[in-house]
1. From (1) surrounded by fewer than 17 Cβ atoms within 10 Å (Cβ to Cβ); (2) closer than 30 Å to Asn118 by Cβ, pick out the condition that doesn't hold for Phe164.
2. I'd like to know if the range 130-143 contains one or more residues that are of a type in the set (A, V, I, L, M), closer than 14 Å to Met251 by Cα and within 13 Å of the chain's Cα centre (by Cα).
3. Tally the residues that are of a type in the set (A, V, I, L, M, F, W, C) and farther than 15 Å from Asn125 by Cβ, restricting the search to the range 201-237.
4. Out of (1) surrounded by fewer than 19 Cβ atoms within 10 Å (Cβ to Cβ); (2) of a type in the set (A, V, I, L, M); (3) modelled with pLDDT of 95 or more, what's the single condition that is false for Leu137?
5. Suppose the filter is under 20 Å from Val247 (Cα atoms), of a type in the set (A, V, I, L, M), surrounded by fewer than 16 Cβ atoms within 10 Å (Cβ to Cβ) and in the same structural domain as Val46 (by TED's automatic domain parsing); does Ala103 pass it?
6. Please indicate, with yes or no, whether at least one residue in the range 36-51 is under 30 Å from Glu245 (Cα atoms) and at pLDDT 95 or above.
7. Here is a check on your reading of the model: is Thr195 closer than 23 Å to Pro58 by Cα, of a type in the set (S, T, N, Q) and free of Cβ contacts under 8 Å to residues at least 60 places away in the same chain?
Amino acid sequence: MDRKQFLSRSLKAGLGALVAGPVILQATGCNSTEGGEAKSEDGGPVLPPLVMAQLPLPYAFDALEPHIDARTMEIHYGKHHAAYVKNVMEAVAEEGITASSEADFLSRISAYSTKARNNGGGAWNHTFFWQVMRPALSGVEGQIAPQGKVLDAINASFGSFEKFQEVFTDAAMKRFGSGWAWLVEKDGKLEIGSTPNQDNPLMDVSDFKGTPLLGLDVWEHAYYLNYQNKRNEYVGAWWNLVNWEEVAKRMG
């Protein structure tokens with residue numbers, strides 16, 4: 001069996017499980033050398049097949065209410081996110097995609113198909129999105145501002161938290177059609193930008209690059225059931241859900 005056949009068969013066997021929930025897979029390269037590290041035909045290390053799994057939500061579907069309703073979360077996670085995971089793993093099998101990590105895969109996304117790019121981005125972006133939100137704090141009215149190093153970095157880069165919110169909201173509102181707004185860390189500073197479709201700042205094809213710290217999905221499927229065409233109301237409500245502790249963990 002050649003290397004591409006091996007990758008295709010081993011990955012197709014796990015596609016069904018990926019849609020239902022999280023999986024942990026381990027894969028090894030074909031061209032192992034006795035007593036040493038496996039080597040590819042060009043002498044480099046053999047990378048394992050890429051695996052992108054749909055992790056469980058870190059909260060219940062209704063935990064983000066009233067800001068994001070349970071029905072939207074059920075569809076967003078159970079249909080949209082699940083489809084991205086399923087489709088990217090199909091692309092992995094079809095194209096024999098290997099990677100040392102998801103970030104490695106995204107950094108070389110231009111080498112792969114549109115299917116791999118769109119669905120790989122969709123899978124990664126949504127996992128990130130769920131993690132940088134948390135349920136609104138019980139008994140607390142209004143938005144919770146960041147503290148510590150996150151607030152210090154925001155003040156240094158934007159002048160104030162209020163100015164940061166203004167610039168980020170503007171990026172989310174001006175992203176035409178479907179896409180994402182991002183806060184990233186780049187060269188020791190924070191920057192705000194947006195990407196179309198399911199692109200993200202880790203991709204080599206993206207005009208806006210950096211290490212993502214915060215992201216907001218502005219595809220209509222993220223808010224249309226509750227907010228219809230009122231993206232501004234969705235963005236305003238979302239500020240109540242930002243998990244600033246998670247943002248802090250992602251900072252360098």
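1. Of the numbered conditions (1) surrounded by fewer than 17 Cβ atoms within 10 Å (Cβ to Cβ); (2) closer than 30 Å to Asn118 by Cβ, the odd one out for Phe164 is (1).
2. The answer is yes; a qualifying residue exists.
3. Counting residues in the range 201-237 that are of a type in the set (A, V, I, L, M, F, W, C) and farther than 15 Å from Asn125 by Cβ gives 3.
4. So the condition that Leu137 fails would be (3).
5. So Ala103 passes the test.
6. Yes - at least one qualifying residue is present in the range 36-51.
7. Here the answer is no, as Thr195 does not meet what is asked.
The values are calculated or read from the model by the stated rules, or taken from the named source; none is laboratory data. It should be emphasised that the depicted structure is a prediction, and the values quoted were computed from it without experimental measurement. Cβ sites come from the backbone with ideal geometry, for glycine too, and all protein chains shown count toward neighbours.
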